[in-house]
Amino acid sequence: GECSPVALVEHCLERIEARNDRTNAFVTVLADDAREQARAAERAVERGEQLGPLHGIPVGIKDLTSVAGVRTTYGSVPLADHVPERDDPVVARLRAAGAIVVGKTNTSEFGHIATTDNDLFGATGNPYDPTKTAGGSSGGSAAAVADGLVPLAQGTDAGGSVRIPASACGVVGIKPSFGRVSRHTRPDAFADANPFTATGPLARTVADAALSLDVMAGTDPADPFSLPTTDERFVDAVDASVDGFRVAYSPTLDAFPVAESVRDVVDEAVEGFADAGMGVERADPALGDLWDDARRASLVTFQSRMATTVAGSEAAFGVDLSERLDDLSGVLPAMVERGRTHTAVDIGRANGVRTAVFDAVQELLGEFDLLVSPTLAVPPFDVDAFGPESVDGEEVDRYTGWYLTQPFNMTGHPAASVPAGTVDGLPVGLQVVGRRHRDADVIAACAAFERERPWSDRSLPS
């Protein structure tokens with residue numbers, strides 16, 4: 001009762017109007033529809049109706065996620081006029097909980113790179129410095145939350161696309177366990193098995209993210225990978241005890257170079273877990289000898305996924321993208337062409353490498369409850385860059401070599417990024433990974449860390 005849905009939606013729309021040009025977080029704004037929903041939400045309050053957990057709360061939806069009757073472009077020029085007929089399951093769940101969709105947020109085209117840029121809408125800048133990247137591919141959602149345009153937003157994560165922008169923009173991003181939040185992928189219902197894609201929330205606090213995940217989660221008979229619905233409430237985990245949790249701190253995952261400036265921030269921040277009563281030890285997953293092969297294996301599966309997306313585009317979107325490869329942005333055309341060359345044997349070998357990564361993570365998490373690392377190897381870089389060419393002088397792959405998130409898409413473990421501090425005024429994130437299906441442990445640890453190292457009282461970017 002402290003704020004009405006009408007006032008809150010109007011505040012968000014005013015802030016979008018005033019600030020969205022700085023970052024290009026929203027690519028479609030549903031002002032009239034949001035106001036109409038807000039008035040209906042206010043009438044429901046006045047009538048004393050039963051209200052959902054997100055009643056009247058404005059949310060942003062990533063432009064890879066279908067909203068019925070609303071342009072959903074996937075950041076793609078050929079799909080600039082694509083309008084789906086049905087809501088994605090996560091949108092339907094958010095609406096059923098009372099959330100108000102105020103617009104669609106920017107993404108890289110089909111989420112194919114870990115920054116947010118496309119030929120249709122351009123790049124999304126970081127709210128703390130719009131000349132720097134917001135990360136990606138859910139960069140529009142993260143930037144919208146960080147800049148106070150909306151309190152909550154949704155993203156998808158196939159290699160880090162929720163956690164990467166959460167780190168870059170200084171917000172909370174959760175990649176739940178594979179199957180925790182159901183997805184509809186047609187005509188290929190099994191498309192997201194390789195790599196493990198997840199839908200998750202972005203928010204300014206762990207409690208807000210947990211509440212959002214409660215709404216998003218649930219089984220779905222149309223999703224062959226969806227997990228059974230349980231009575232577990234993730235919002236309850238925010239206040240759960242973490243006494244006795246054993247935390248493995250791995251500054252590099254034994255696989256990535258990490259900038260000294262980032263490591264200094266995370267080294268200090270990790271003490272927050274000990275201050276909260278958890279036992280923290282230095283320990284690495286055995287990824288060092290695997291990661292070069294694992295990186296290539298991940299590219300095989302992701303390139304193949306992009307190629308099959310194009311191959312099935314006419315059935316899925318009514319547009320044959322294979323006839324319009326020249327209209328696709330960035331490295332996507334080359335990725336599609338490369339994906340077409342991979343054989344079933346190539347994919348089988350990639351899955352063998354992926355199994356080795358899974359085993360390495362499982363072995364460490366058999367001894368520890370949680371694994372903690374930096375989310376990114378570097379602070380946010382220039383907004384028009386594809387990725388850093390080096391980390392503290394060590395050459396890295398610009399596509400995959402600077403984010404420490406991808407191993408846990410290969411394995412399906414739950415993971416989150418929470419703010420750890422800043423480097424030169426730009427946010428640095430800390431990644432928390434949990435045992436399989438123990439999403440509540442990740443949330444409990446992140447909330448305990450937040451209490452020790454609070455960030456929600458920071459002012460919004462100026």
Open item on the list: Can you compute the modelled spin-label distance between residue 14 and residue 33, with each label point 7 Å from Cα toward Cβ, in nm?
Closed with: 2.4 nm
- [ ] Subtract the Cα-Cα distance of residue 282 and residue 246 from 0.36 nm times their separation in residues, and report this length gain in nm to one decimal.
- [x] 11.9 nm
TODO: Pull up all non-local amide H partners of residue 123: gap of 5 or more, or a different chain, and H-to-H distance under 5 Å with H placed in the peptide plane.
DONE: 118
- [ ] Largest first and in whole Å, give the semi-axes of the range 114-178's equivalent ellipsoid, each being the square root of 5 times a Cα gyration tensor eigenvalue.
- [x] 17, 14, 10
TODO: Give the distance, in whole Å, between the Cα centre of the range 107-129 and the Cα centre of the range 409-462.
DONE: 22 Å
Task: Stretch gain in nm, segment residue 190-residue 386, where the contour uses 0.36 nm per residue and the Cα spacing is subtracted - done: 67.6 nm
- [ ] Pop out the carbon and sulfur fraction of the accessible area of the range 5-452 as a percent, whole number, probe 1.4 Å.
- [x] 46 percent
Task: 5 angstrom amide H check on residue 105, placed H, neighbours 5+ away - done: 27, 61, 62, 63
TODO: With a 1.4 Å probe and every protein chain left in place, work out the accessible area per residue of the range 325-386 in Å², rounded to a whole number.
DONE: 44 Å²
- [ ] Would you mind pulling out the separation of the Cα centroids of the range 236-286 and the range 211-235, in Å?
- [x] 27 Å
Open item on the list: Sequence gap at least 6, Cα distance under 8 Å: using those rules, report the relative contact order of the chain to the nearest whole percent.
Closed with: 17 percent
- [ ] Pop a pseudo-label 7 angstrom from the Cα along the beta-carbon direction at both residue 3 and residue 274 and give the gap in nm to one decimal.
- [x] 3.8 nm
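With +1 on each Lys and Arg Cβ and -1 on each Asp and Glu Cβ, how big is the dipole of the range 47-99 about its Cα centre, in debye rounded to the nearest 20?
Numbers: 6 positive and 6 negative charges, 32 e Å.
In total the dipole reaches around 160 debye.
Count the DSSP beta bridges whose two residues both fall in the chain, then state the antiparallel fraction as a percent rounded to the nearest 5. Can you show the working numbers first?
Numbers: 33 of 49 bridges.
Antiparallel bridges: around 65 percent, rounded to the nearest 5.
Per residue, how much accessible area does the range 148-244 have with a 1.4 Å probe, in Å²?
For the range 148-244, the per-residue accessible area is 31 Å².
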Open item on the list: Given points 7 Å out from each Cα along the Cα-Cβ axis, report the residue 22 to residue 326 separation in nanometres with one decimal.
Closed with: 4.0 nm
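What is the magnitude of the charge dipole of the range 315-462 about its Cα centre, with +1 placed on the Cβ of each Lys and Arg, -1 on the Cβ of each Asp and Glu, and no other charges, expressed in debye to the nearest 20?
520 debye
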Task: FRET efficiency estimate (nearest 0.05) - Cβ-Cβ, residue 45 to residue 222, R0 41 angstrom - done: 0.80
Task: Highest to lowest packing among 155-162, 341-348, scored as the average C-beta count within 10 Å - done: 155-162, 341-348
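The values are calculated or read from the model by the stated rules, or taken from the named source; none is laboratory data. Treat the numbers as computed from the prediction; the structure is a model and nothing was measured. We place every Cβ from the backbone using ideal geometry, glycine too, and count neighbours over all the protein chains shown. Accessible surface areas use protein heavy atoms only, side chains included; no ligands, DNA or RNA. Shrake-Rupley method; radii C 1.70, N 1.55, O 1.52, S 1.80 Å.
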